[in-house]
1. Is it fair to say A452 is surrounded by fewer than 19 Cβ atoms within 10 Å (Cβ to Cβ), more than 16 Å from the ligand (Cβ to nearest atom) and part of a helix (DSSP H, G or I)?
2. Quick one: would you say M840 is crowded, with 20+ Cβ neighbours inside 10 Å and over 29 Å from Y30 (Cβ atoms)?
3. Which condition number in (1) modelled with pLDDT of 95 or more; (2) within 16 Å of the ligand (Cβ to nearest atom) is the one that T582 fails?
4. Among the candidates L189, L132, which residue alone is outside the structural domain of S559 (by the TED database), aliphatic (A, V, I, L, M) and in contact with a Phe, Trp or Tyr (Cβ under 7 Å, 6 or more places away or on another chain)?
5. What do you reckon, is A678 away from the ligand (no atom under 15 Å from the Cβ) and either under 29 Å from the mean Cα position of the chain (by Cα) or at pLDDT below 95 (or both)?
6. When you go through A588, A549 one by one, which is the residue that is surrounded by fewer than 24 Cβ atoms within 10 Å (Cβ to Cβ), within 14 Å of the ligand (Cβ to nearest atom) and touching a residue at least 12 places away in the same chain (Cβ under 8 Å)?
7. Determine whether segment 593-613 contains at least one residue that is within 11 Å of the ligand (Cβ to nearest atom), of a type in the set (A, V, I, L, M) and surrounded by 16 or more Cβ atoms within 10 Å (Cβ to Cβ).
8. With I535, I511, I468 as the choices, which residue is more than 30 Å from P709 (Cα to Cα) and among the aliphatic types (A, V, I, L, M)?
Amino acid sequence: MTVTPSAEFVARHIGPQGNDIDTMLAQLGYSSLDELVDTAVPADIRQSEPLDLPAPRSEAEVLSDLRELAGKNIMKTQMIGQGFSDTHTPPVILRNVLEAPAWYTAYTPYQPEISQGRLEALLNFQTMVMDLTGLPIANASMLDEASAVAESVLLMRRANKAKADAKTVLDSNLFPQTVAVVQGRADALGFEVEIADLSSGLPEGEISGIVLQQPGNDGAVIDHSAVIAAAKERGAMVTIAADILALTMIAAPGDQGADIAVGNTQRFGVPLFFGGPHAAYLAVRNGLERSLPGRLVGVSKDDTGTPGYRLALQTREQHIRREKATSNICTAQALLAITASMFGVYHGPAGVKAIAQRTHNHARTIATALSGAGLILASESFFDTVQVTVENADSIITKAEEASINLRRVDATTVGISTDETTTAAHVAAIASVFGIEGAAPKAEGFELPAAVQRTSDFMTHPIFNTIKSETQMLRYLRRLSDRDLALDRTMIPLGSCTMKLNSTAEMESISWPEFASIHPFAPEHQTAGWRELITDLEGRLTTITGYAGVSIQPNAGSQGEYAGLLAISSYHRSNGDDQRTVCLIPASAHGTNAASAVLAGMKVVVVKTAADGSIDAADLDAKIEANKDTLAAIMITYPSTHGVYDSDVREVCDKVHGAGGQVYIDGANMNALVGLAQPGKFGGDVSHLNLHKTFCIPHGGGGPGVGPIGVAEHLIPFLPGDASGTYSMRDGVPVVATMFGSAGVLPISWAYIAMMGGEGLTSATKTAILSANYIASRLNAYFPILFTGNKGLVAHECILDLRELTNKTGVTAEDVSKRLMDFGFHAPTLSFPVAGTLMVEPTESEDLAEIERFIEAMIAIHGEMEQVLAGDFTIEESPLRHAPHTVAAVVNTAWDRKYTVEQAAFPVRALRVDKYFPSVGRIDGAGGDRNLICSCPPPEAFEN
Ligand SMILES: *Cc1c(COP(=O)(O)O)cnc(C)c1O
């Protein structure tokens with residue numbers, strides 16, 4: 001094929017080229033890529049027409065298209081507030097974290113030894129949140145503030161067993177988007193939510209928990225101690241949603257007696273991003289840590305007793321708890337949490353507090369001017385938000401807009417003005433003149449925070465927040481941490497089901513352009529034409545790709561897409577009067593989020609067995625359909641299956657479920673095996689989520705951000721997630737799952753990918769992904785048998801290496817192999833999912849043949865070491881497999897007395913002599929760390945040995 005400039009990107013995105021493809025096909029015994037694909041993919045699901053997408057554009061063209069779209073957004077000084085405040089991302093953090101591949105291409109730190117850098121950064125985040133909230137445990141981020149409040153409501157309902165059936169009470173002074181998301185959860189699960197003005201006391205009746213907000217939706221900072229005491233007295237739990245910056249000045253929720261604190265950390269250096277992605281936080285009191293949603297970083301020790309970080313309490317993960325999981329959150333917001341934590345490291349407690357005080361003083365100045373002019377304020381006690389009663393809100397908003405400032409329209413006679421880190425005296429003066437207040441520059445007088453709400457406790461006292469003062473130190477700290485990690489910028493990450501493909505620089509470049517990044521999610525529609533055009537266009541292209549009738553990009557992770565999609569199904573059944581349809585069939589091999597999402601959507605999970613060949617057990621499916629035929633709501637299947645196989649009977653499965661009145665949810669996480677070849681919307685799906693952070697190139701960010709849009713068939717369009725702004729009416733009356741457009745800020749990445757690839761390029765990517773997976777399967781099958789295959793022994797875009805027989809014979813576990821791969825400079829494949837004792841390998845189309853060979857060589861070398869165990873060269877305990885990974889300290893040990901050489905430890909293959917990665921810690925003891933849970937930064941002395 002001749003490469004035109006426009007299609008040049010396709011060739012850069014796809015790893016194997018020309019002769020390499022022929023070599024790989026020869027290994028498999030096929031004469032062309034099409035022949036291979038035609039054999040692997042069942043004919044009855046193949047799409048008949050090629051993807052009807054615009055022709056591919058070059059990197060330069062797409063960047064220029066994006067400039068044009070960005071140029072259609074109108075930038076204003078954003079003083080809308082409502083949970084989103086402008087901030088300065090320190091340039092050293094912008095370039096070296098948010099825009100740095102070493103950070104953004106990392107995977108979730110499940111393999112702790114190669115993730116110590118981001119684990120430390122996330123531990124800093126937890127420590128910062130714990131200090132600011134005054135609570136002893138905080139997790140490593142939530143998806144957004146509104147859904148974090150919803151999770152906290154569910155946590156209160158689980159923890160407060162004595163009030164299991166009681167209602168939840170939300171203060172009427174919560175952000176409207178928070179109320180909307182919580183209400184959606186409550187409707188799905190069928191519990192009562194009452195909205196009440198808690199400043200005048202608790203309502204009657206039994207109460208499970210209450211949610212307060214500080215400052216309130218109207219900006220008021222009030223002393224909640226009376227209502228908190230009353231709640232405790234009545235056996236209700238207490239959540240406070242608190243502004244992270246305000247917490248430097250106002251009493252910590254923990255000090256006030258709250259059980260849980262939640263909020264957004266966006267204003268700690270993370271751009272507005274038109275609403276997301278931002279890291280929300282969630283902190284709890286002692287006793288609630290074991291039912292905390294999301295991921296928790298903890299401190300443990302490695303095999304030499306050196307402290308090391310790792311994710312704690314992993315048994316809570318959905319994969320193990322499944323329908324007993326209490327939350328469906330999988331991907332969260334690691335990259336944004338890291339950014340916020342680094343903002344804390346950069347500014348330190350004094351710097352952060354100074355920002356808060358400046359912000360507060362600007363608000364006081366505005367209040368002084370407004371009240372001096374005789375205007376009525378919603379509250380005399382506020383942090384950054386002044387709400388004021390006016391005759392005509394619209395005319396004030398318009399005047400402000402003419403002065404290039406966006407204010408919040410609360411209602412026809414109320415305007416909100418929120419200050420932030422970026423507010424200047426000039427902005428304050430401009431506000432005064434918008435209100436017709438002329439004369440001398442206004443000065444703050446009065447409006448101090450009342451003593452009862454002022455913070456007295458210290459925060460961010462750990463040395464990490466107090467020792468990094470210069471930019472040189474900061475730069476080196478960021479580099480030191482990222483050097484400890486293995487991300488996609490150094491090595492293939494062959495994680496099955498995770499699709500760790502290229503995140504190209506051209507795709508990434510536009511996300512931090514101010515014309516995209518500095519837009520407030522509730523900016524008026526006429527200022528956001530560029531964003532809306534990009535989003536509508538992306539939704540359209542995803543519609544084309546999936547074969548559905550419509551797409552919503554609101555869900556901000558795959559799990560949220562599942563939840564939104566299942567809600568659409570329930571709403572549809574209810575609209576038909578089929579309220580009893582609540583059973584959701586889920587194959588035993590499904591991703592853990594499926595079952596957890598079904599439970600959150602109010603469905604009852606019925607598990608369908610897996611047949612010996614890995615497909616859905618047809619007899620069991622028939623039996624489960626028959627047993628539940630009147631109550632069947634849906635089946636959730638993953639296609640190709642989590643076993644990495646194109647099951648040939650998928651249409652039949654869909655038909656059977658439809659025949660019984662159920663809907664079909666196709667989990668689209670494996671869409672990288674389908675794009676351009678088959679469309680879930682055409683072969684039987686009613687709804688699917690996509691993981692834009694897998695198939696569509698949004699980087700994984702060390703555990704987020706993600707985007708999990710859902711595509712739906714025509715009849716489900718009315719039930720796509722609604723509007724969470726309260727500002728516009730997009731789709732009224734339907735539950736919302738996140739604010740507005742969810743993680744809008746990262747959508748240009750997927751948009752650029754699709755634009756640069758075009759339909760043919762995307763299809764080539766899919767075909768190559770299938771080729772590469774089959775090549776690896778074919779090369780490694782003799783060493784590690786491939787567990788499941790489909791047509792003619794082929795796999796889809798990933799393959800499962802079965803280690804169980806070797807484990808039985810040698811004692812070498814899949815975990816040992818994962819750790820040993822680190823010594824070869826690799827990130828392990830997916831470990832023990834979906835089948836315990838196996839490794840699932842997904843190379844993606846982006847890995848070139850040389851890198852694939854390097855992986856195969858490593859796996860064969862590891863197999864050789866297993867044979868050495870069999871041959872008695874060493875026992876498993878004495879083997880390099882069990883001692884892996886090897887640190888520098890381990891191999892320079894002069895008292896080396898192992899049964900294998902230092903060379904075998906460090907340089908098991910030749911190429912490692914030149915390019916060698918050493919993890920900073922040896923094998924981490926996960927279980928030990930769980931028994932003795934430490935989830936904040938340890939003192940520096942802990943690392944002295
Ligand atoms: C990744 C994945 C999910 C969950 O997506 P998140 O974005 O992590 O919430 C669901 N199903 C499958 C099969 C997946 O691989």
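The values are calculated or read from the model by the stated rules, or taken from the named source; none is laboratory data. Quantities reported herein were computed from a predicted structural model and do not represent experimental measurements. In this analysis, Cβ positions are derived from the backbone assuming ideal geometry, glycine residues included, and neighbour counts consider all displayed protein chains.
1. When the stated conditions are applied, A452 passes them.
2. Details: crowded, with 20+ Cβ neighbours inside 10 Å: yes; over 29 Å from Y30 (Cβ atoms): no.
No, not satisfied.
3. (2)
4. Details: L189 fails: in contact with a Phe, Trp or Tyr (Cβ under 7 Å, 6 or more places away or on another chain).
That would be L132, the only listed residue that is outside the structural domain of S559 (by the TED database), aliphatic (A, V, I, L, M) and in contact with a Phe, Trp or Tyr (Cβ under 7 Å, 6 or more places away or on another chain).
5. Values: away from the ligand (no atom under 15 Å from the Cβ): yes; either under 29 Å from the mean Cα position of the chain (by Cα) or at pLDDT below 95 (or both): yes.
Answer is yes for this residue.
6. Values: A549 fails: within 14 Å of the ligand (Cβ to nearest atom).
Every option except A588 fails the conditions.
7. Filtering segment 593-613 down to residues within 11 Å of the ligand (Cβ to nearest atom) leaves 593-597.
If we keep only those that are of a type in the set (A, V, I, L, M) as well, we get 595-596.
In the following step, the residues that additionally are surrounded by 16 or more Cβ atoms within 10 Å (Cβ to Cβ) were identified as 595-596.
Yes, some residue in segment 593-613 is within 11 Å of the ligand (Cβ to nearest atom), of a type in the set (A, V, I, L, M) and surrounded by 16 or more Cβ atoms within 10 Å (Cβ to Cβ).
8. I468
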